[in-house]
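What follows is a set of notes on a single structure, which appears directly below.
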Amino acid sequence: MADEISAEFPFESKFIDVHGSKIHYVEQGEGDPILFLHGNPTWSYLWRNIIPYGAQVGRAIAMDLIGMGKSDKPDIGYRFFDHAKYVDGFIEAMGLQNITLVIHDWGSALGFRYAMDHESNVKGLAFMEAVYRPVDWSDLPGIARIGFRLLRAPGVGWLMISVMNVFVTQFVPRAIVRDLTDEEKARYREPFPTVGSRKAVRVWPLEVPIGGSPKDVHDEIVRFGGKLRQSELPKLLFTATPGTLIDEDAVVWCRENFKNLTVVDIGPGVHYLQEDNPHLIGSELVKWYRGL
């Protein structure tokens, strides 16, 4: 498999009804399901170069979260618990069993939550730049702290995300080491062409449990995070330098707190690691999966 990073998304779009809305997904391969869950503000396109690796060993499925990608954008709150309802509903509607979850960003919190509530239906957890514990403002690097305060500020956050679309046009490229091509940038903009289409993107920063707020999301992450530390499920952590959510200190924490953990360093990476080294992620995923 060539090591070039392709901008193409050569998968047939499929849709399934979940709670009255169409959820978009793509799939490739056969066998036990390997479910890829993206975060904010991306969609299944993020996994395009990794899906073929998953398809070597199983049925690789990448869904778009509700309100994101090619999935429907109903008039809902788009809080963490709304997304969880649709992820759980997708897994149920698809009849997925013995799942391996490959998860990133908010997709990781959704995946961890599902796994800890349905551990008998999960084979393993592969994660990168993940949400597995709450953070305090002091935990964030200075620039991230300023960014989150702006994004969460009434009016300012709406203007930046919904009107200026900075999350998609500025944050994503800056959180990748290599330069995205014009085609790749266009693909990331594609699902969010209007102010109204960006509601899910806008709500996600408000859901990050920083300093105990919002309390319900904070408490939920503490709940499933506690279970995760006790879980014997096989875990694969992809790390990068410098990383964002999982930096050097966080890797040490994960090694000390997670059982049955394999750690793979992909080299340079900020947050959207799938865009910097998808072939290493894919090949190491296959190697780990074959050992499950």
(request) Within 10 Å of each residue's Cβ, count the other Cβ atoms and sort 166, 131 from fewest upward. (result) 166, 131
(request) Among 13, 21, 108, 138, rank each residue by its count of other Cβ atoms within 10 Å, from fewest to most, as a rough exposure measure. (result) 138, 13, 21, 108
(request) Determine, from the Cβ-Cβ distance of residue 164 and residue 143 and an R0 of 25 Å, the FRET efficiency 1/(1 + (r/R0)^6), rounded to the nearest 0.05. (result) 0.90
(request) Return the single residue from 255, 198, 59 with maximal mean-square fluctuation; model: Gaussian network over the chain, springs between Cα atoms under 10 Å. (result) 255
(request) Report, ordered by chain and residue number, the aspartates and glutamates lying within cross-link reach of residue 22, taken as a straight Cα distance under 20 Å and ignoring same-chain residues fewer than 8 apart. (result) 12, 64, 72, 75, 82, 88, 92, 190
(message) Just want to confirm a number: the relative contact order over region 51-210, from Cα pairs under 8 angstrom separated by 6+ residues, in percent.
(response) 25
(request) Determine the sum of side-chain charges near residue 127: Lys and Arg each +1, Asp and Glu each -1, restricted to other residues whose C-beta is under 11 angstrom from that of residue 127. (result) -1
(message) Run the reach check for residue 185 against lysines, Cα to Cα strictly under 20 Å, same-chain hits fewer than 8 apart removed. What comes back?
(response) 70, 199
(message) From the helices alone, meaning DSSP H stretches of at least four residues, give me the mean residue ellipticity at 222 nm for the chain, per-run term -39500 (n - 2.57), in deg cm²/dmol to the nearest 500.
(response) -10500 deg cm²/dmol
(request) Any aspartates and glutamates with Cα under 12 Å of the residue 215 Cα? List them, leaving off those in the same chain fewer than 8 positions away. (result) 207
(request) Run the quick spin-label model on residue 189 and residue 75: label points 7 Å from Cα toward the beta carbon, then report their separation in nm to one decimal. (result) 2.9
(request) Using Cα pairs closer than 8 Å and at least 6 residues apart in sequence, work out the relative contact order for the chain, in percent. (result) 20
(request) May I ask for the longest run of the chain untouched by GluC sites (Glu not before Pro) that are loop-located per DSSP and have at most 16 neighbouring C-beta atoms (other than their own) within 10 Å? (result) 31-231
(request) Report, in debye and to the nearest 20, how large the dipole of region 175-236 comes out about its Cα centre when Lys and Arg carry +1 and Asp and Glu carry -1 on their Cβ. (result) 140
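Count the net charge of all other residues whose Cβ sits under 10 Å from the Cβ of residue 257, scoring Lys and Arg as +1 and Asp and Glu as -1. Before the final figure, lay out each step's value.
On the way: positive: 133, 229, 255, 259; negative: 256.
Net local charge, residue 257 excluded: +3.
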(request) Could you check which residue among 150, 280, 35 shows the biggest mean-square fluctuation in a GNM of the chain with a 10 Å Cα cutoff? (result) 150
(request) Could you tell me which label, among [x] 53, 49, 46; [y] 49, 41, 38; [z] 82, 44, 34, carries the value of Cα extents along the principal axes in Å calculated for this structure? (result) [y]
(message) For a quick check, take a GNM of the chain with Cα springs below 10 Å and name the residue from 109, 200, 250 with the largest mean-square fluctuation.
(response) 250
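Taken together, the values in this text are just the output of simple stated rules run on the coordinates, not laboratory data. Predicted model, so just to flag it, every value in this text is computed and none were measured. So basically every Cβ, Gly included, is an ideal-geometry build from the backbone, and we count neighbours across all protein chains shown.
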